[in-house]
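Peer 1: Attaching a single structure in structure tokens format; questions to follow.
The values are calculated or read from the model by the stated rules, or taken from the named source; none is laboratory data. These numbers were taken from a predicted model, which means no experiment stands behind them. We place every Cβ from the backbone using ideal geometry, glycine too, and count neighbours over all the protein chains shown. Note: areas computed on protein heavy atoms with side chains; ligands, DNA, RNA excluded. Shrake-Rupley method; radii C 1.70, N 1.55, O 1.52, S 1.80 Å.
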Amino acid sequence: MKLYFLRHGQADWPAWARPDDERPLNDRGQKQMRRVARSLAALKVKPDVILSSPLPRAYQTAEIAAGPLKLTVTMEGALAPGFDAEQLAALLRRYAGLNLMLVGHEPDFSRVIGALTGGAVRMAKAGLARVDINAPGALRGELVWLAPPKLLDR
């Protein structure tokens, strides 16, 4: 099973006065994600399912990534901030045997990847990591690659 962890794109709004959970991608984040999405297709990233945090910045990121991959996005509440290895285990049971793209947030993704692999990573905005789970039902995996957006959007 392949797990793709995609962190949402840029969503910084200096004068944002509404709740943080409502922040959408900014223009730079949308442009960056379109470039990253084209790279996903060119690199033959092939998830079976895209699951996204319900927060707007993550869902917009997932929708942009889904286009070139010719997939639809399923909103998944567990991927909201606070996502952890226990919630990942539940998703792995629900989507057993499928390759998943998870779209969400930091520091959650770095912590979950660390729990899976025993290594320390830091996910950049619009960054992508692939972790392979080789034993069905196991919450152990191997970090195959970690790609920052500067590498993906070339």
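Peer 1: Output the qualifying pairs, or none if there are none: Cβ atoms under 7 angstrom, residues six or more apart or on different chains, first residue in the stretch 79-96 and over 17 Å from Asp132 (Cα atoms), second residue open to solvent by 30 Å² or more (accessible area, probe 1.4 Å) and in a loop (DSSP other than H, G, I, E, B).
Peer 2: Ala80/Pro54
Peer 1: Sticking with this one: In the stretch 29-49, what residues are in contact (Cβ under 8 Å) with a residue 12 or more places away in the chain, out of contact with any His (no Cβ under 9 Å at 6 or more places or on another chain) and closer than 13 Å to Gln60 by Cβ?
Peer 2: Gln30, Gln32, Arg34, Val36, Ala37
Peer 1: Now a separate question. Only residues that are under 20 Å from Gly137 (Cβ atoms), buried (at least 18 other Cβ atoms within 10 Å of the Cβ) and of a type in the set (A, V, I, L, M, F, W, C): list them for the stretch 73-100, please.
Peer 2: Across the stretch 73-100, the qualifying residues are Ala78, Phe83, Leu88, Leu91, Leu92, Leu100.
Peer 1: How many residues, within the stretch 50-80, are hydrophobic (A, V, I, L, M, F, W, C) and either outside any helix (DSSP H, G or I) or more than 22 Å from Ser39 (Cα to Cα) (or both)?
Peer 2: Result for the stretch 50-80: 9.
Peer 1: Those residues that are within 13 Å of Val144 (Cα to Cα), out of contact with any Ser or Thr (no Cβ under 7 Å at 6 or more places or on another chain) and surrounded by 15 or more Cβ atoms within 10 Å (Cβ to Cβ), I need them from the stretch 115-125; list them, please.
Peer 2: Within the stretch 115-125, Leu116, Thr117 meet the criteria.
Peer 1: Moving on. Suppose we filter the stretch 39-72 for residues that are among the basic types (Lys, Arg) and crowded, with 16+ Cβ neighbours inside 10 Å; how many remain? Lay out the reasoning, then the answer.
Peer 2: Filtering the stretch 39-72 down to residues among the basic types (Lys, Arg) leaves 44, 46, 57, 70.
Then keep just the ones that are crowded, with 16+ Cβ neighbours inside 10 Å; that gives 57.
Residues meeting the conditions: 1.
Peer 1: Would you please name the residue that is modelled with the lowest pLDDT, looking only at residues in the stretch 2-21 that are open to solvent by 60 Å² or more (accessible area, probe 1.4 Å) and touching a Leu at 6+ places or on another chain (Cβ under 8 Å)?
Peer 2: Looking at residues that are open to solvent by 60 Å² or more (accessible area, probe 1.4 Å) and touching a Leu at 6+ places or on another chain (Cβ under 8 Å), I get Asp21.
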